[in-house]
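Report on the structure given below.
The values are calculated or read from the model by the stated rules, or taken from the named source; none is laboratory data. Source: prediction; values computed, not measured. Counting neighbours? That spans all protein chains shown, and the Cβs are built from the backbone with ideal geometry, glycine included.
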Amino acid sequence: MSYAQQLSDAAATIRRAGAPWSAIDSEAVARMRLQNRFRTGVDIARHTAKIIRADMTAYDADPAAYTQSLGCWHGFIGQQKMIAVKKHFGTTKGRYLYLSGWMIAALRSEFGPLPDQSMHEKTSVPALIEELYTFLRQADARELGMMFRDLDEARGAGDSAREQELTDAIDGYETHVVPIIADIDAGFGNAEATYLLARKMIEAGACALQIENQVSDEKQCGHQDGKVTVPHEDFLAKIRACRYAFLELGVEDGIVVARTDSLGAGLTKQIAYSREAGDLGDRYNAFLDCEEVTDLSSLRGDVVIERDGRLMRPKRLPSNLYQFAPGTGADRCVLDCITSLENGADLLWIETEKPHIEQIASMVDRIRAVIPNAKLVYNNSPSFNWTLNFRQQVFDAWRQAGRDVAAYDRDALMSVIYDTTELAAEADERIRTFQRDAAARAGIFHHLITLPTYHTAALSTDNLAREYFGEAGMLGYVRDVQRKEIREGIACVRHQNMSGSDLGDDHKEYFAGEAALKAGGVHNTMNQFA
């Protein structure tokens, strides 16, 4: 609905109410409605799900149209990311937010910092989604509020051209509310628990839920050891639980991202149920590391399975977990991905131990031989040493091509002594184009960094503490923070405005007219940054 239509609609509503509402200003109502476009989290989920669906279709037509996101652990961080995206690129198209379970565990749990093992409160996940969208909606309200003030100024000056320009800008306003891909870990319990949490997350605004095939009570970070997967039927029940939650709430375009940790997971807690040879349970069990049983007296509470007419004992650890045969991770990933897509998942996530395009592509090629439009979400993880990995990849490529690599020590390529070398330059170029190249070669529709602001917060705080508590003193803050904010046009330099002070002033004026006691007067020190 356009600005003019909002004005007309609000005016008609006030007229119908008669004299008791005579002090209500229709333009103020229209402005407040436009500043609060989304009434519920489900409204947000429906809106943003359509964005991802359209982006998936665009990617299928052209892999250069891949999408990106950065992980968030606080609403303000998510808000500033999208404000920065609009500032630098003029649009939020193709840019989302990622909600990382790792960062919730490390930074948002009442227990204090925790490892990524699903020990944090599961209610903190929908709470963070709601918080992120609260901040994004406020970013809309703030930006539109400034446009409304400019509109009033143009009217006051009789500048009709500027007034029309601003009205058009208001009508074409692009919201900061973007899709959030939200980490539901392994579902925090059984399929019913997964459904209940998924519903809460969707009600908070999530349009895309990322769920992994690990055991809930043994869940590990994808880049840690000791990962334990579940049989496919258990995982598919949780995928269906997410879908039911979306459909119950009327979010028919909702996205389920099925993540497999099988590449680095050598353990399973269960032997899959199998009805007949070659079914899904049998195929899962075929990867178990087994030894043939020739002497029944050797069995001591063991489980045995039949394989090719032989009685086999799956190898079991003292933890009561069963081992997969070494070297089966990639095959298991491929089966996981095909099975998930065939049973309701929309996107895939293959957790890897390094950022290597051909490694990913070798699995995606096999998946796409069965499901041609299979697409991945990929974790550009800070758990990878990107510099070392790519320098080693270049080293290996040069050596294979017959180039002289005698000047380089492959195991020490992280050293600063190599920073200005040709090898380092080529590695950096491969890092720069990694997302583009992986989108084209390895079917990666969405690239994300899970933990960026965990690291940027630590780095910037370290730098500030060194300077401020050292010889630089206050100059350490002014030179390295405030002056940069001013010169680079960072909106937060006017932190009162960013926190909603001017929005509050507008509302006070709507509510109390000339009697309003406003904060943004001549003595407000934020005027120093106008």
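Looking across the range 447-467 at every residue that is in contact (Cβ under 8 Å) with a residue 40 or more places away in the chain and part of a helix (DSSP H, G or I), the one that is surrounded by the fewest Cβ atoms within 10 Å (Cβ to Cβ) is identified as H455. So, R313, is that one within 23 Å of V215 (Cα to Cα), part of a strand (DSSP E or B) and either without any contact (Cβ under 8 Å) to a residue 12 or more places away in the chain or of a type in the set (K, R) (or both) or not? Judged against the criteria, R313 is a match.
Within the range 191-240, being surrounded by fewer than 24 Cβ atoms within 10 Å (Cβ to Cβ) and small (G, A, S) holds for A191, A193, S216, G226, A237. In this entry, A440 is excluded by the filter for residues that are among the small types (G, A, S), buried (at least 17 other Cβ atoms within 10 Å of the Cβ) and touching a residue at least 40 places away in the same chain (Cβ under 8 Å). Taking residues in the range 252-268 that are acidic (D, E), and partners anywhere that are in a loop (DSSP other than H, G, I, E, B), the pairs with Cβ atoms closer than 9 Å and at least 6 places apart or on different chains are D253/C207; D261/N213; D261/Q220; D261/G222; D261/K227; D261/E351.
When the range 370-396 is filtered for residues that are in a loop (DSSP other than H, G, I, E, B), touching a Phe, Trp or Tyr at 6+ places or on another chain (Cβ under 9 Å) and surrounded by 19 or more Cβ atoms within 10 Å (Cβ to Cβ), the ones remaining, listed by number, are K375, N380. For first residues located in the range 151-178 and farther than 28 Å from G41 by Cα, partners that are basic (K, R) and lie 6+ apart or on another chain with Cβ distances below 6 Å form the pairs A154/R162; E163/R155. So for the range 105-126 (the condition being of a type outside the set (A, V, I, L, M, F, W, C), farther than 30 Å from G226 by Cα and in a helix (DSSP H, G or I)), does at least one residue qualify? No: the range 105-126 contains no residue that is of a type outside the set (A, V, I, L, M, F, W, C), farther than 30 Å from G226 by Cα and in a helix (DSSP H, G or I). Quick check: is even one residue across the range 292-299 over 30 Å from G205 (Cβ atoms) and either in a strand (DSSP E or B) or modelled with pLDDT of 90 or more (or both)? Looking for residues that are over 30 Å from G205 (Cβ atoms) and either in a strand (DSSP E or B) or modelled with pLDDT of 90 or more (or both), one finds at least one in the range 292-299, hence yes.
Restricting the range 263-284 to residues that are farther than 19 Å from S319 by Cα and in a helix (DSSP H, G or I), which is farthest from the chain's Cα centre (by Cα)?
It comes out as D282.
In a helix (DSSP H, G or I), among the charged types (D, E, K, R), more than 20 Å from L97 (Cα to Cα) and touching a residue at least 12 places away in the same chain (Cβ under 8 Å): is that true of R430 in this structure? Here the answer is yes, as R430 does meet what is asked. Here the condition is being of a type outside the set (S, T, Y) and outside any helix (DSSP H, G or I); of G513, G476, G470, it holds for G470 alone.
Total residues in the range 397-427 satisfying the condition of being without any contact (Cβ under 8 Å) to a residue 24 or more places away in the chain, more than 19 Å from P355 (Cα to Cα) and not in a loop (DSSP other than H, G, I, E, B): the figure is 5.
Scanning the range 28-36 turns up one or more residues that are more than 34 Å from the chain's Cα centre (by Cα) and not polar (S, T, N, Q). The C-beta contact set for the range 474-492 (first residue free of Cβ contacts under 8 Å to residues at least 24 places away in the same chain and within 25 Å of G78 (Cβ to Cβ), second residue among the β-branched types (V, I, T) and part of a helix (DSSP H, G or I), distance under 6 angstrom, 6+ apart or interchain) comprises E485/V493. Total residues in the range 273-284 satisfying the condition of being modelled with pLDDT under 95 and surrounded by 20 or more Cβ atoms within 10 Å (Cβ to Cβ): the figure is 0. Just one of (1) over 20 Å from A45 (Cβ atoms); (2) assigned to a loop (DSSP other than H, G, I, E, B) fails for F235. It is (2). Among the residues here, S69 qualifies as over 27 Å from H507 (Cβ atoms) and buried (at least 17 other Cβ atoms within 10 Å of the Cβ). Counting the residues of the range 242-272 that are surrounded by fewer than 18 Cβ atoms within 10 Å (Cβ to Cβ) and of a type in the set (F, W, Y) gives 1.
Is it true that some residue in the range 207-216 is under 26 Å from S383 (Cα atoms), assigned to a helix (DSSP H, G or I) and at pLDDT below 95?
yes
Residues of the range 334-392 that are among the acidic types (D, E) and in contact with a helix residue (DSSP H, G or I) (Cβ under 7 Å, 6 or more places away or on another chain): D336, E351, E353.
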